[in-house]
Each structure stands twice: as structure tokens, then as C-alpha cells.
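In what follows, a structure is listed as C-alpha cells, so that the remarks can point back to it.
Derivation of every value follows stated rules applied to the coordinates shown; laboratory data play no part. Predicted, not measured: the structure shown is a model, and the values here were computed from it. Cβ sites come from the backbone with ideal geometry, for glycine too, and all protein chains shown count toward neighbours.
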Amino acid sequence: MNIEKITCKDVMNHICESLGEDLESQKCVDIKKHLSECPNCQNYFSSVGKTIEFYKKYDLDVSEDCHKRLMEKLGLDD
Amino acid sequence: MNESLKNEKHPINESDLIIKAQAGDRKALSGLVNNFAFKICRDPEKAENTMQETFLSMIKSLHQFDGKSKLSTWLYRIVMNHCLMELRKKKYNSISLDDEEAEIPEDKLIPDWSNVPSDVTENAELKRILDEAINKLPIDYRVVFILRDVNGLSTEETANIADLSVPAVKSRLHRARAFLRNELSKVLEK
């Protein structure tokens, strides 16, 4: 078994991959344990998640005019 | 926390657009393609142009679609290729990323972002910050970040669309996330 101590730097280096990735490896289990005990890494983890959330919510609404121009270009205007 | 960021409103729901597009709603489908193009190009005018070119390409080459991959995968690849062509037309300046830039010094105290508003729909200041940060991200990393994290595709689908290996997608994703997070922290942690 890997008994190497997980440091904040290990967490910083691997935490991003753990967002949406497989967490079953021993390394990831150790990282999760460290994360549960380290407020600094918890803040980093949640700030990466929030960064992703920002870009997920940043959408551009397609205007009626924009859609109309597309339909005209495709010859599908009613 | 930056006071100008505290203006929130309901976002467009991309999941709703997908459901409407699948039901044959033309405007929802054009909205989806336009959104994806915008997320890569970061320019409404270029996004509209890319959307139009994407639909024209789709109509011209629909007979080449063999059904082995998802239609969305095929569509994403067309949009991505058009965006890359648009970006390469102009002199494109971006920085290079390496592992050191994706790291944070171990002794640095990381602030809590729980008070940062997460809704960007009507928040012009936050949009500007997000645009500035992602515009610095090299396009090869941006594409992976958008496909995997923003549009929720699997690592394998992202690798297929971006023509990369799975380890290359994971590496770029790690660097892209860390880079964007660090760029935003320069403003949000003031």
C-alpha cells in the first residue's frame, strides 16, 4: 500500500483531474482524505469548480434577427 | 469582493435548448450551434458567421455522416474547425502553458470563493473578466476546456473531436482549468 504522505502540492497538482475523473485509485483516495482535512485545498477545489460553472453559464442568446439570417442563408425562411 | 460583480439574473438553460432542438425547434438548434461557436470564438459576429457556415457544411456533407459517431460529435467538429479557421485568419496572440504555470505555490493561502456570485447572465463586469481570461488561453486548450467541462462531453468524445489522445486531453484540461482559475483569482480575490 502507498503510505506516502499527501501534501497540498500533490493535491494542487492532481485535484483538477479529479473533477469529473475516476477517484478510485489509491492516489485519489489519499487526495480525498487530504482534501477533507485541508481548508486551503478545499478552497482551491471549489474555486476550480466555480471557474467551470462560470463558463458553463456564460451563454449567448441567439436573436430573432440572427436566426432569420441563418434561415435565409439556408433557403429555409418561411 | 468586487462589488460590481453582484448583479445576478437567470441564465439561458442549454439543456432546454437541447430538448427543444431534438424536438425539431430550428431556433433552438441554431441557438445551440451559435452558443458553442461563441464559447470558442468569444466574438458574437464570428459566432454567427461560424453558425451559418456550420449549417451550410452540414447540409453539404450530411451524406458523409455514417452514423457511427453521435450527430452532436460530428456537429461539434464542424463548428470547431470553422472557429479555428476564423481565429487563424487574424494574427492570433496567445501565451504558452506549461506545468509550472498550472501550479500554485504550496505556501500560498487560497481564499474562499463562496461569496463570489455564480450567475453571469446579466453581469457585464464578470463577463469581461471571463472573456479576458479565456482569450489568453491558447485555442488548443480552450477547445478541450469547452468541450469537456462546459459542454459536458466525455474525455473520449473530446479526444475524438479535437483529434487528440486521451492523456493529451487530460493534460490540457488540467492546465486550462488551473490557468483560468488563476487568471480569475487575480480579479476576484482583490
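Evaluate peptide A:40-50: per residue, the Cβ atoms of other protein chains within 10 Å of its Cβ; return the mean as an integer. Could you put the intermediate results ahead of the total?
Values: counts 8, 2, 2, 6, 8, 1, 4, 12, 9, 5, 8.
Taking all residues of A:40-50 together, the mean is 6.
Would segment B:14-89 count as rounded, prolate or oblate if I go by the C-alpha gyration tensor, calling it rounded below 1.5 in a/c and otherwise prolate when a/b exceeds b/c, oblate otherwise? Display every interim value, and only then the final one.
Working: a/c = 1.89, a/b = 1.17, b/c = 1.62.
Oblate shape, in that a/c is at least 1.5 and b/c is the bigger or equal ratio.
Regarding segment A:8-74, what whole-number volume in Å³ per residue does the convex hull of its Cα atoms give?
Value for segment A:8-74: 115 Å³ per residue.
I'd like the Karplus ³J(HN,Hα) series for segment B:179-187: coefficients 6.51, -1.76, 1.60, θ = phi - 60°, whole numbers in Hz, and an x wherever there's a Gly or Pro.
Result, ordered by residue: 4, 5, 4, 5, 5, 5, 4, 4, 9 Hz.
From the backbone phi of segment A:48-53, what are the Karplus-calculated ³J(HN,Hα) couplings (6.51 cos²θ - 1.76 cosθ + 1.60, θ = phi - 60°) in whole Hz, Gly and Pro given as x?
Once θ is set to phi - 60°, the couplings for segment A:48-53 become 5, x, 5, 4, 4, 4 Hz.
Suppose the chain between B:Leu109 and B:Gln22 were pulled fully straight at 0.36 nm per residue; how much longer would it get relative to their current alpha carbon spacing? If you can, show how the numbers build up before the last one.
Numbers: separation 87, 0.36 × 87 = 31.32 nm, distance 4.64 nm.
Roughly 26.7 nm would be gained on extension.
Rounded to whole Hz and in sequence order, give me ³J(HN,Hα) for segment B:145-154 from the Karplus expression 6.51 cos²θ - 1.76 cosθ + 1.60, θ = phi - 60°, writing x for Gly and Pro.
Computed from phi, the couplings for segment B:145-154 are 4, 5, 5, 6, 8, 7, 8, x, 6, 6 Hz.
Going by Cα centres, segment B:51-74 and segment A:40-65 are how many Å apart?
Taking the Cα centre of segment A:40-65 as reference, the centre of segment B:51-74 is 28 Å away.
At 7 Å along Cα-to-Cβ for each site, give me the label-to-label distance between B:His63 and A:Lys32 in nm.
That separation, rounded to one decimal, is 5.2 nm.
Taking the simple approach of a point 7 Å from Cα along Cα-to-Cβ for both B:Glu45 and A:Gln42, what is their distance in nm?
According to this spin-label approximation, the distance is 4.8 nm.
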